[in-house]
Amino acid sequence: MTYRSGRWQVLVVKVPAVPSRHRVAVWRELRRIGALSLGQGIWAVPDVAGFADGIDRVAELAERGEGEVVVLDAAGRSERDGARLEEMFTAERDDEWREFLADCGKFDAEIDKEIRVEKFTMAELEEEEQSLERLRRWHRELKVRDVFGAPAAAEAEVRLKHCADRLTEYTELVFQALHQM
């Protein structure tokens with residue numbers, strides 16, 4: 001994904017208040033793609049091809065609710081304005097990475113607990129595999145929208161690998177326990 005330096009897509013979103021499900025669907029999609037809220041109904045994303053599908057989904061959801069989305073090409077009026085948008089966008093990505101890191105910590109604690117209580121079952125292993133796969137999906141999604149490289153991204157990469165290593169360790173213990181029977 002190539003970011004056109006200083007260029008943004010600004011979305012002006014209008015969706016009727018009733019029924020609220022349409023506004024909520026639009027809001028959720030905007031959050032899912034990582035759009036930066038600039039004010040009531042005004043959102044921005046970096047001008048990167050990877051955001052185009054999300055913008056299209058937002059417009060489609062708004063139209064279903066008899067609303068509309070106007071998408072504008074934009075740039076900060078000064079370098080300072082562009083830098084501030086980038087800073088705000090990156091801060092939101094960093095918050096997402098920190099939430100991801102907290103979930104990695106929960107995964108690690110769950111593996112510790114299962115080892116401590118010696119819960120070495122296939123059902124538990126499958127549950128932990130699903131948890132790791134959820135973390136991997138989330139990591140991929142965050143990487144796609146972290147255009148500017150938020151500070152916590154590097155740590156997240158390391159922690160995800162650690163979680164995968166922990167699952168490998170737990171898998172070996174499960175198979176050892178099952179084959180001793």
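The values are calculated or read from the model by the stated rules, or taken from the named source; none is laboratory data. It should be emphasised that the depicted structure is a prediction, and the values quoted were computed from it without experimental measurement. Every residue, glycine among them, receives a Cβ derived from its backbone with ideal geometry; neighbour counts consider all protein chains shown.
Quick rundown of the values:
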item	result
Residue check, Ser37 among the hydroxyl-bearing types (Ser, Thr, Tyr), farther than 18 Å from Trp138 by Cα and at pLDDT below 95	no
Subset of the stretch 69-88 [outside any helix (DSSP H, G or I) and over 25 Å from the mean Cα position of the chain (by Cα)]	Gly76, Arg77, Ser78
Selected residue [modelled with pLDDT of 95 or more, of a type outside the set (S, T, N, Q) and under 14 Å from the mean Cα position of the chain (by Cα)] from Glu128, Glu157, Glu124	Glu157
In the stretch 35-85, the residues that are farther than 22 Å from Ala17 by Cα, touching a Lys or Arg at 6+ places or on another chain (Cβ under 9 Å) and of a type in the set (A, V, I, L, M, F, W, C)	Val45, Val48, Phe51, Ala74, Ala75
Where Ala62 falls short, out of the listed (1) in a helix (DSSP H, G or I); (2) buried (at least 19 other Cβ atoms within 10 Å of the Cβ); (3) under 16 Å from the mean Cα position of the chain (by Cα)	(3)
Which listed residue is on the phi < 0 side of the Ramachandran plot, surrounded by 13 or more Cβ atoms within 10 Å (Cβ to Cβ), among the charged types (D, E, K, R) and at pLDDT 95 or above, from Glu87, Glu96	Glu96
Odd one out for Arg21, checked against (1) touching a residue at least 40 places away in the same chain (Cβ under 8 Å); (2) over 23 Å from Asp95 (Cα atoms); (3) not in a helix (DSSP H, G or I)	(3)
Selection count, the stretch 39-59, where residues are crowded, with 19+ Cβ neighbours inside 10 Å and of a type in the set (Val, Ile, Thr)	3
